[in-house]
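Okay, so here's the structure we're looking at.
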Amino acid sequence: MALPKVYGIETEYGIRHTGVAEPNPIAASSVLINAYLSELARRSETGARSERVGWDFEDEHPGDDARGFSREGSLPPEVETHLVNAVLTNGARYYVDHAHPEYSSPECSDPLQGVLWDRAGERILVASMEAARRQLPPGQEIVVYKNNSDRKGNSYGCHENYLMDRSVPFGQVVKHVLPHFVTRQIWSGAGKVGCEAASTGGAEVTLQLTQRADFFEEEVGLETTLKRPIINTRDEPHADAGRYRRLHVIIGDANRSEVQTFLKLGVMGFVLCMVEDDWFGERDFTPARPVHALRQISYDLTLRKPFDLADGTTVTALDVQWEHLGLARKWADENGMDAVGGELVGAEVLRRWEQVLTALETDPMSLADQLDWVAKKKLFDAYRERDGLEWKHPKLAQLDLVYHDLRPGKDLAGKLGLERLVTEAEAASAMTTPPPTTRAWFRGRCLERFPGQIAAANWDSMVFDLGGEPLKRVAMMEPLRGTAEIVGPVLEDCDDAGELLRRLGA
Amino acid sequence: MAEREQIKKTSTRGTEEVVDDVPTTSKKGEELKAEMDDLLDEIDEVLEVNAEDFVRSYVQKGGQ
């Protein structure tokens, strides 16, 4: 039986500091995040939130490999512990990572929640820019971009995380997820003008489907910053390691389209459940050359070019996606959709997945309000026609970057009228409210209620300082416990953390 | 294929309209083009004037 999926997205944002001679992205990221946190603290009536709660690194092991070994010590440290690193009352982590501001969403129990807390993240970055503008000297501004490339060969990620059953052999995950990642690009891509790979294999690349395909060089591996692999093997479950695996997905684009974020999470939920239930049967879509296929598909705007499979046959990306959708429908009919966020959300994933595949087959441009790469193509085509621009014209490269600018009124994604799945009011509320259906509820609400009594927090534990006694670590190894339903009534009823822990028997 | 066709049709709104196989829009091509032209003008107002300088100055450190 497939396990209920838990979803999360981590986004590293591009950052520019204008009005200074020599911008330093690490310093700018710190200023940006600190500006937000200090305004939050000031706005809090009681001043209680001025107790800034930091991240607890106790359980970070980025060197552990899902294939069963550890490379402790052979990698550069992934975490820079001295930099700003905060936990928010919506259960998210907001910090400086690799010279970028990064927002890691709280754990979500369905893909629509995933979209909502991703949008909350966008709003937190917008609020941070506004706070920084008020604190910086006149003439300076910090601007963030939700994209994955500077068009000069430097890339930064938007990672998805999925909780799944540890007992599934990792080889089975690779076998079915790799073809999905290679082929989902046709609907998941955020689009990019031109190419940053050393070679395109002879293809002329004017516009490509994804931001990230150029930066992937391996099939499977532990790296995230160089020689990036299509399947990342980092093995940090941030949960009971005897039961769970967290699949850490590094290949996706940062989407401005909510429909794409919804599909990215929702479809992966189905794919992983089908892996867990051994639902794929004998059909094997393993590409003969996965990295080559990845780029070939990203470079092919006709969506029609077949790629070679390891078994000697050929298929198109659409073929594989239709096959996976058919399997998912049968899986849902037989198993119900509790494991993928419930019947309503699951049915919506299947409906949209089908609708998008149909449109890609018949009239891709009809998806200009749903897919980033199509929205960009529509925009670039209009400019090319009006101003007679060649694809290499800097104006198109500029538009390609500004599409991802998050500032209201400046963002082209907003102006192009992309379909919204969550309202502004919901997103505003999710900036400070955690998802009620995961342990993020416990984390976020404790931070809101008892900030002075929390020494540190991370994904799977919280450290309480109750004064006069040793620090008390509360483990949260089950991501679907600590919910509003389970601990909500007690948590909201207690006046301090000591009483809460006593009543919870912790 | 039959199943796909069916879903395409049921997703079309309204009961009295004639359901067309090809997605249609109520707006004429010229109207759409005029809207797009207005949008491009609006976008031009928020873009930094020198596209080349902007693109050159957008440099990031690599991340994950």
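A compact table of results
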quantity	calculated
Pairs, first touching a residue at least 60 places away in the same chain (Cβ under 8 Å) and outside the structural domain of A:GLU361 (by TED's automatic domain parsing) in the range A:311-327, second surrounded by 16 or more Cβ atoms within 10 Å (Cβ to Cβ) and of a type in the set (Phe, Trp, Tyr), C-beta under 9 Å, six or more apart	none
Meets criteria (farther than 29 Å from A:ASP363 by Cα, assigned by TED's automatic domain parsing to the domain that holds A:HIS98, part of a loop (DSSP other than H, G, I, E, B) and modelled with pLDDT of 95 or more) for A:SER167	yes
Filtered residues of the range A:265-283 (kept if surrounded by fewer than 18 Cβ atoms within 10 Å (Cβ to Cβ) and either modelled with pLDDT under 95 or of a type in the set (Phe, Trp, Tyr) (or both))	A:GLY281, A:GLU282, A:ARG283
Residue under evaluation A:ASN161, criteria (1) within 19 Å of the chain's Cα centre (by Cα); (2) at pLDDT below 95; (3) within 14 Å of chain B (Cβ to nearest Cβ), criterion not met	(2)
Residue match in the range A:304-316 (condition: within 25 Å of the chain's Cα centre (by Cα) and not basic (Lys, Arg))	no
Count - residues of the range A:352-391 that are without any contact (Cβ under 8 Å) to a residue 40 or more places away in the chain and in contact with a Ser or Thr (Cβ under 8 Å, 6 or more places away or on another chain)	2
Test: residue in the range A:475-487 that is farther than 18 Å from A:GLY8 by Cα and of a type in the set (S, T, N, Q)	no
For A:GLY342: the one exception among (1) within 21 Å of A:LEU480 (Cβ to Cβ); (2) crowded, with 19+ Cβ neighbours inside 10 Å	(2)
Residues satisfying the stated conditions in the range A:300-322, i.e. among the aromatic types (Phe, Trp, Tyr) and closer than 20 Å to A:THR200 by Cα	A:PHE307
Residue in the range A:328-341 that is closer than 29 Å to A:GLU217 by Cα and in the same structural domain as A:ALA197 (by TED's automatic domain parsing) present	no
Any pair with Cβ under 6 angstrom, 6 or more apart, that starts in the range B:39-59 at a residue that is more than 7 Å from every other protein chain (Cβ to nearest Cβ) and ends at one that is assigned to a helix (DSSP H, G or I)	B:GLU48/B:PHE54
Criterion (assigned to a loop (DSSP other than H, G, I, E, B), within 22 Å of A:LEU272 (Cα to Cα) and either within 22 Å of the chain's Cα centre (by Cα) or outside the structural domain of A:ARG246 (by TED's automatic domain parsing) (or both)) met by exactly one of A:THR224, A:THR210	A:THR224
Residues of the range A:390-415 that turn out to be in contact with a helix residue (DSSP H, G or I) (Cβ under 6 Å, 6 or more places away or on another chain), at pLDDT 95 or above and within 11 Å of another protein chain (Cβ to nearest Cβ), as a count	7
Filter result for A:THR438 (in contact with a strand residue (DSSP E or B) (Cβ under 8 Å, 6 or more places away or on another chain), assigned to a loop (DSSP other than H, G, I, E, B), more than 14 Å from chain B (Cβ to nearest Cβ) and touching a residue at least 24 places away in the same chain (Cβ under 8 Å))	yes
A:ALA456 vs. criteria modelled with pLDDT under 95, buried (at least 18 other Cβ atoms within 10 Å of the Cβ) and in the same structural domain as A:PRO62 (by TED's automatic domain parsing)	no
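Residue by residue, here is whether (1) within 14 Å of chain B (Cβ to nearest Cβ); (2) of a type in the set (A, V, I, L, M) holds:
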{"site": "A:GLY336", "(1), (2)": "no, no"}
{"site": "A:ALA339", "(1), (2)": "no, yes"}
{"site": "A:ARG351", "(1), (2)": "yes, no"}
{"site": "A:GLU354", "(1), (2)": "yes, no"}
{"site": "A:LEU357", "(1), (2)": "yes, yes"}
{"site": "A:THR362", "(1), (2)": "yes, no"}
{"site": "A:LEU367", "(1), (2)": "yes, yes"}
{"site": "A:GLN370", "(1), (2)": "yes, no"}
{"site": "A:LYS378", "(1), (2)": "yes, no"}
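The values are calculated or read from the model by the stated rules, or taken from the named source; none is laboratory data. These figures come from a predicted structure and were not determined experimentally. As a convention, Cβ positions derive from the backbone with ideal geometry for all residues, glycine included, and neighbour counts pool all protein chains shown.
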